[in-house]
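Report on the following structure.
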């Protein structure tokens, strides 16, 4: 296409015409069209607008003037680019929104251009006040212009309502979470979001949790921002016992201080169903596995109490934080929510050490990944130290191989957790990821059941089935397969390369197209991985590892495998390297780590 | 989560579709510009081919869904066999839209410096423009062996995205419809697009390596 290959096209015209100019808005000829003649368009994606620092706020008086001028009943309003051809004459006020006005003819009256340029061609005549916002005024040589000219490069934050009039829009919404409905209400500096959404999981305790309530944000202050979140939680799985409460809730107030909002202080009160371990699968994967296959890969307890948090963002992706919470933790039984393909009996939910606990945590997070969704470079580190105390705990009776007897009413223990991931590109075609994850007891009394650990399952050791290493001694027969280990340490290595095997298929078949869309199929990554891990009981005695030692390497479980990551779904085969176990196949709905 | 038959099902579906696999598909090409910069640095050139020849995207346009192309260019320094160094990334986006009332195509380039808009009266002309090559003004810093990777995500915009885009074009700075939208938002958008039945695609290519030296 050549620039200037024909006459101008006016908005609103219908039907095909042989030649038209494609250009509607370009910045002084430096934009894409200038380079189109040689089929190479030069762009500068890192260049910011020169006016984006000092002039990024349009004076309120100008905004009001725009509204008055454009919404005036006598104004001829145009949306989009418009050209007044040579020989044409327009009398009266003219308003153009979100487009450029090019005058080749004659305009007698006030001109208001909002978020576009005003271009006055040679031979054109304009008589009247000219106000351009979000653009500039370009007057070609030979044009005749009479009247005051003003322009502001910064764009106006205006939008059209149903009647075609300009209004100041409410604050922008971000895309909400899946299966959520939100309604924003803005009153002065307060913004309220009313929302209803799922808890983004499905499990045998809650069924499908429905979460609803308002979020109220105080905005517009320079040094502080306040936010209040109130949530009610409806658990759709019925509880036939009286162990679980009828509903959950959460109320949270947060203040963020500083111009960059680096310091955050918050407090909350809650009653919710909490997971015992954060693995072996993500929250959403656990939900799908439970809903489709009746396999719940997590255990839960009910927590009710209050907490306070404080964190500070040190910059460069580094955040430190501390929290303290006091809550009542108690066992809850498994319910019987429906499942899509299997409807037998759910795995029982293990008992925990019921009681009131004070938990103090200090944590550090680092995130330097170049792209959180699909990183190829950087670090992701999550780590914390946590101390737990209780004066009224009622410990579950466990075999002495797992835990020495504890007198009721006394618990004080500490544990740590770390999960460090490094993403790197080895060469142009191969990407590598390594992860070291560990957690466990470090001091005090033995850990409560709800702070204990296990290994085995699709996340860390996919060659081994769920809870293969949960430290349950042979003397304990418990169908709930509880996680009873004191410590866990594992490392994962993964190499991946992008393949070009023609996926997703370009097909007009609606069913295959829908399947590809549902699974977010993209060009697959071929993944080769290896994992090594061990979980154990610490302390003195048979079958235990002394507190200051790591298990010998020959006792560790390891596997190797390969798979394909298609984007929204991945298929993996893993071969355990110990115990002569069979090859295991697993499906993941997200990247492994 | 272990289901060997699932793999067989997916492989079966893949192998059962030979006919449509012959249709033209979107291609992403990444090459290097001419050796005209100091120290032999080479600018990346990015080209998308066959966008409107691909039925998924031409159908989406005809159904009045704007098609959005999100580009992410990464600059990498090769360390000759050791872990390569990620230097930085640049992002931009292009939105293609058919305006039936005016019977024209609108192409909006979303850059940090602001949106740039082009209009085309015919499908052939917009298709020709979309096949043009972007030469990206993003050169590596320092010396060594470098290469570029480009990830292209193509989506058909939902009504909400259209609204966001309108706001962005209207200059509302708190409505990021451009490449600055956060990744979580993008992932959710992709899932919503999948559920809504709109197409979604992702491509990744890399350039040949080149050497920057004094």
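The values are calculated or read from the model by the stated rules, or taken from the named source; none is laboratory data. All values derive from a computational prediction rather than experimental measurement. Reconstructed Cβ throughout: ideal geometry from the backbone, glycine too, with neighbour counts over all protein chains shown.
When you check residue A:93 against the structure, is it over 43 Å from the mean Cα position of the chain (by Cα), more than 14 Å from chain B (Cβ to nearest Cβ) and more than 21 Å from residue A:152 (Cα to Cα), yes or no? So residue A:93 does not fit the description; no. Is it the case that some residue within region A:419-429 is modelled with pLDDT of 95 or more and over 30 Å from residue B:207 (Cα atoms)? Yes, region A:419-429 contains at least one residue that is modelled with pLDDT of 95 or more and over 30 Å from residue B:207 (Cα atoms).
Can you name the residue in region B:30-42 that is part of a strand (DSSP E or B) and within 12 Å of chain A (Cβ to nearest Cβ) and, of all such residues, is surrounded by the fewest Cβ atoms within 10 Å (Cβ to Cβ)? So, considering only residues that are part of a strand (DSSP E or B) and within 12 Å of chain A (Cβ to nearest Cβ), the one surrounded by the fewest Cβ atoms within 10 Å (Cβ to Cβ) is B:31. In the set A:174, A:192, which member is within 27 Å of residue A:60 (Cβ to Cβ), part of a strand (DSSP E or B) and at pLDDT below 90? The match here is A:192. With respect to the stated conditions, residue B:74 fails to be surrounded by 19 or more Cβ atoms within 10 Å (Cβ to Cβ), modelled with pLDDT under 90 and not in a loop (DSSP other than H, G, I, E, B). Within region A:468-500, the set of residues being assigned to a loop (DSSP other than H, G, I, E, B) and crowded, with 24+ Cβ neighbours inside 10 Å comprises A:471, A:482, A:483, A:484, A:486.
Meeting the requirement of 2 or more residues that are within 20 Å of residue A:64 (Cα to Cα), the strands (runs of 3 or more DSSP E) wholly within region A:77-153 are A:94-97, A:111-114, A:130-133, A:149-152. Can residue A:123 be described as over 49 Å from the mean Cα position of the chain (by Cα), at positive phi and away from chain B (no Cβ under 14 Å)? Yes: the conditions hold for residue A:123.
One residue stands out among those in region A:548-576 that are assigned to a loop (DSSP other than H, G, I, E, B) and in contact (Cβ under 8 Å) with a residue 60 or more places away in the chain: the one that is farthest from the other protein chains (Cβ to nearest Cβ), which is A:550. Of the residues examined, residue A:504 is one that is within 14 Å of chain B (Cβ to nearest Cβ) and either assigned to a strand (DSSP E or B) or without any contact (Cβ under 8 Å) to a residue 40 or more places away in the chain (or both).
Taken over region A:115-127, residues that are buried (at least 19 other Cβ atoms within 10 Å of the Cβ) and without any contact (Cβ under 8 Å) to a residue 60 or more places away in the chain amount to 7.
Of all the listed residues (A:241, A:236, A:217, A:201), the sole one being at pLDDT 75 or above, under 27 Å from the mean Cα position of the chain (by Cα), surrounded by fewer than 17 Cβ atoms within 10 Å (Cβ to Cβ) and away from chain B (no Cβ under 12 Å) is A:236. For residue A:347, state whether it is on the phi < 0 side of the Ramachandran plot and surrounded by fewer than 20 Cβ atoms within 10 Å (Cβ to Cβ). Answer is yes for this residue. Mind listing whichever residues of region B:84-103 are surrounded by fewer than 20 Cβ atoms within 10 Å (Cβ to Cβ) and farther than 22 Å from residue B:138 by Cα? Selection gives B:99, B:100, B:101, B:102, B:103. When region B:43-71 is filtered for residues that are assigned to a strand (DSSP E or B) and touching a helix residue (DSSP H, G or I) at 6+ places or on another chain (Cβ under 9 Å), the ones remaining, listed by number, are B:48, B:49, B:67, B:68, B:69, B:70. In this structure, residue B:56 does satisfy being facing chain A (nearest Cβ under 10 Å), under 20 Å from the mean Cα position of the chain (by Cα) and more than 21 Å from residue A:40 (Cα to Cα). Only one entry of A:474, A:462, A:428, A:458 meets the criterion of being out of contact with any strand residue (DSSP E or B) (no Cβ under 8 Å at 6 or more places or on another chain) and more than 25 Å from residue A:385 (Cα to Cα), and that entry is A:474. Filtering region B:89-104 to residues that are facing chain A (nearest Cβ under 8 Å) and not in a loop (DSSP other than H, G, I, E, B) leaves B:89, B:90, B:91, B:92, B:104.
Taking the conditions exactly as written (at positive phi and surrounded by 18 or more Cβ atoms within 10 Å (Cβ to Cβ)), does residue A:440 satisfy them or not? Yes, satisfied.
Okay, residues lined up against (1) facing chain B (nearest Cβ under 8 Å); (2) within 30 Å of residue B:72 (Cα to Cα); (3) at pLDDT 90 or above:
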| position | (1), (2), (3) |
| --- | --- |
| A:15 | yes, no, no |
| A:29 | no, yes, no |
| A:33 | yes, yes, no |
| A:38 | no, yes, no |
| A:41 | yes, yes, no |
| A:61 | no, no, no |
| A:73 | no, no, no |
| A:106 | no, no, yes |
| A:109 | no, no, yes |
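Residue count for region A:277-302 satisfying the condition of being under 23 Å from the mean Cα position of the chain (by Cα), within 21 Å of residue A:236 (Cα to Cα) and at pLDDT 85 or above: 9.
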